[in-house]
Amino acid sequence: MTHQEISHHRLVSQKLSETNSCSPQEIVHHLGAMQAQDYGMAKWAIGSRCNATEKEIEEAINSTKIIRTHILRPTWHFVAAEDIHWMLDVSGPQVKKIVISSAKKYGYDIQKLNKINSSIEKILSGNNHLTREEIMQELNIKKSSAQDFLYAAIMMNAELDGLVCNGKMKGKQMTYALLEERVPKPKTKLTKEEGLAKLAKRYFESHGPATLLDFSWWSGFPPTICKNTINAIQLQLNSIVIDDQTYWFVNQNNTTLNLKKSIHFLPAFDEILISYKTREASILLDHQSKVFTNNGIFKPIILENSKVIGTWKRTIKKDHTKIETEFFNETESHKKAILFEGIKAFGNYLETKIVIE
């Protein structure tokens, strides 16, 4: 297997190689957790992998088939309802340490955060769905520009404790609701080792071929723990060594692959790039600074045959959506016309007209 073939295999494992009939929640369940801080783009990350429209994906989120919360790393993720409790049990404690450390800068230690959690539970009890600002008003925590992150830390802590998750959208504003009222706790609980094994297998099944360091980056766990976890499930994985680097995957034939031509307009922070520690399989080093910054800001990307060839942005208008593109190399008009066929799926997803400029 070559690096070129790795990028093609990842299209298959991430359900981008062909249109499939999976529901939005099945896509999220397959991928385990999908980074989702850019809410609009994160919905398209799901939509680009199935036939669902944006409205159908929003309905899956509002009805709790898909949860948007903080998990794995201290950022937003989409997680399937059936995975939320065991995944929080596994990754919640490690992310919580980061959140508590940040909250302490504002004078909020673990005891104070636990007390606030009790108040939040009372405020949201009875299927109340409130915005973060409404919850802070109820808690009588005054807003100031210096305390913006305090608001986030308080709610992140409540999420990581399994107390709250996203509620129904209130216009364009996200709300919070009690997790247990939306997704009841399962009767059985995994051990930490069982949870880590499940997380690792899910990752390599949905993101492979990938390395130990890729899994460490995506999961947020240190390499030593990830190495032990991979060793524990090694019999359930396949592997291949390229340039002295071991790549792990599940249920993929590493000798034959139908390398079909494909074009994808993918969102910012898409799993095809962000879920790997190094990204040379999908994008040349010379082009990486044009796609993501050192502080972790990712642009929407254009993929041709599993390789990033440019970036794009969209502007939502009243009766259409404007698409602007920037290719890394000079691209002839007839080639652009072929590439722009890939944006049609985005128009179907938005249920609106696409205008390319």
What order do Thr293, Thr325 take when sorted by accessible area (1.4 Å probe), most exposed first? Thr293, Thr325
Taking R0 as 35 Å, what's the FRET efficiency between Ser119 and Lys187 from their Cβ-Cβ distance, rounded to 0.05? 0.75
With Cβ to Cβ distances under 14 Å as the rule, what net charge do the other residues near Phe149 carry (K, R +1; D, E -1)? +3
Between the modelled labels at Gln4 and Glu280 (7 Å from Cα along Cα→Cβ) the distance in nm is 1.7 nm
Any aspartates and glutamates whose Cα falls less than 19 Å from that of Lys290, other than same-chain ones fewer than 8 residues away, would be Asp38, Asp270, Glu271, Glu280, Glu304, Glu324, Glu326, Glu330
Checked against the positive end of the charge dipole of the chain (+1 on Cβ of Lys and Arg, -1 on Cβ of Asp and Glu, about the Cα centre), the farthest of Ser118, Ile84, His264 is Ser118
Anything over 28 Å Cα to Cα? Flag those among Lys189/Lys277; Lys143/Lys185; Lys104/Lys277; Lys143/Lys170, in the order listed. Lys189/Lys277; Lys143/Lys185; Lys104/Lys277
Residue-level accessible surface for Asp243, protein heavy atoms, 1.4 Å, Å²: 120 Å²
Per-residue HN-Hα couplings for region 320-327, Karplus 6.51 cos²θ - 1.76 cosθ + 1.60 at θ = phi - 60°, whole Hz, x for Gly and Pro? 6, 10, 8, 10, 10, 10, 9, 8
Average Cα contact separation per residue, the chain, under 8 Å, 6 or more apart, as relative contact order %: 18 percent
Sorted by packing (mean other beta-carbon atoms within 10 Å per residue), highest first, where do 2-9, 294-301, 151-158 land? 151-158, 2-9, 294-301
Put Ser289, Ser102 in order of accessible area, largest first, probe 1.4 Å, and you get Ser289, Ser102
Percent RCO, i.e. relative contact order, over region 199-287, from Cα pairs under 8 Å lying at least 6 residues apart: 35 percent
Please turn the phi angles of region 170-175 into ³J(HN,Hα) values with the Karplus equation 6.51 cos²θ - 1.76 cosθ + 1.60 (θ = phi - 60°), one per residue in order, whole Hz, x for glycine and proline. 10, x, 9, 9, 7, 10
Which value in deg cm²/dmol, rounded to the nearest 500, describes the helix-derived mean residue ellipticity at 222 nm for the chain, given -39,500 (n - 2.57) per DSSP H run of n ≥ 4 and division by the residue count? -12500 deg cm²/dmol
Residue-wise, which Karplus ³J(HN,Hα) couplings in Hz belong to region 59-69, taking 6.51 cos²θ - 1.76 cosθ + 1.60, θ = phi - 60°, and x for glycine or proline? 5, 5, 6, 5, 8, 6, 6, 10, 9, 10, 7
How large, in Å, is the chain by the Kirkwood hydrodynamic radius built from its alpha-carbon pairs? 21.5 Å
With every protein chain left in place, what is the accessible area of Asp38 in Å² (1.4 Å probe, nearest 10)? 60 Å²
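The values are calculated or read from the model by the stated rules, or taken from the named source; none is laboratory data. Nothing here was measured: the structure is a model prediction, and the numbers come from that model. All Cβ positions, even for glycine, are placed from backbone atoms using ideal geometry, and neighbour counts span all protein chains on display. When the accessible area is computed, the model is the full protein with side chains, heavy atoms only, and any ligands, DNA or RNA have been set aside. Shrake-Rupley method; radii C 1.70, N 1.55, O 1.52, S 1.80 Å.
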